[in-house]
Amino acid sequence: MPLPISTIEQELRSLSASDQEGLLRVLIEELDGPPDLDAEAAWLEEVRNRSKELDSGEVECISANKVFETIDSSLKK
């Protein structure tokens with residue numbers, strides 16, 4: 001029979017911060033489900049594509065300050 005949540009919460013609070021962190025990591029991994037094996041490869045391909053676009057001059061970098069200024073300006077309208 002599973003333990004009541006209140007009992008689990010009490011036991012959790014009695015754990016060290018390090019053990020609480022370890023348990024939290026396990027729970028997050030459990031809730032996230034299995035890792036997406038293709039995600040890392042997809043991100044690497046995206047980085048390569050963006051790097052090629054920058055190197056070729058197809059796109060330009062915009063500073064974060066400029067982006068935020070543009071957003072602020074459009075929100076004030």
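Please treat every number below as a calculation from the coordinates, not as lab data. Treat the numbers as computed from the prediction; the structure is a model and nothing was measured. No Cβ is skipped: glycine too gets one built from the backbone with ideal geometry, and neighbour counts run over all protein chains shown.
Taking the criterion of being in a loop (DSSP other than H, G, I, E, B) and in contact with a helix residue (DSSP H, G or I) (Cβ under 9 Å, 6 or more places away or on another chain), the residues of the range 7-62 that qualify are Leu15, Pro35, Asp36, Glu58, Val59, Glu60, Cys61, Ile62. Checking each residue in the range 63-77 for being basic (Lys, Arg) and part of a helix (DSSP H, G or I) picks out Lys66, Lys76. Regarding the range 14-33, can at least one residue be identified that is surrounded by 10 or more Cβ atoms within 10 Å (Cβ to Cβ), free of Cβ contacts under 8 Å to residues at least 60 places away in the same chain and over 26 Å from the mean Cα position of the chain (by Cα)? Checking the range 14-33: at least one residue is surrounded by 10 or more Cβ atoms within 10 Å (Cβ to Cβ), free of Cβ contacts under 8 Å to residues at least 60 places away in the same chain and over 26 Å from the mean Cα position of the chain (by Cα).
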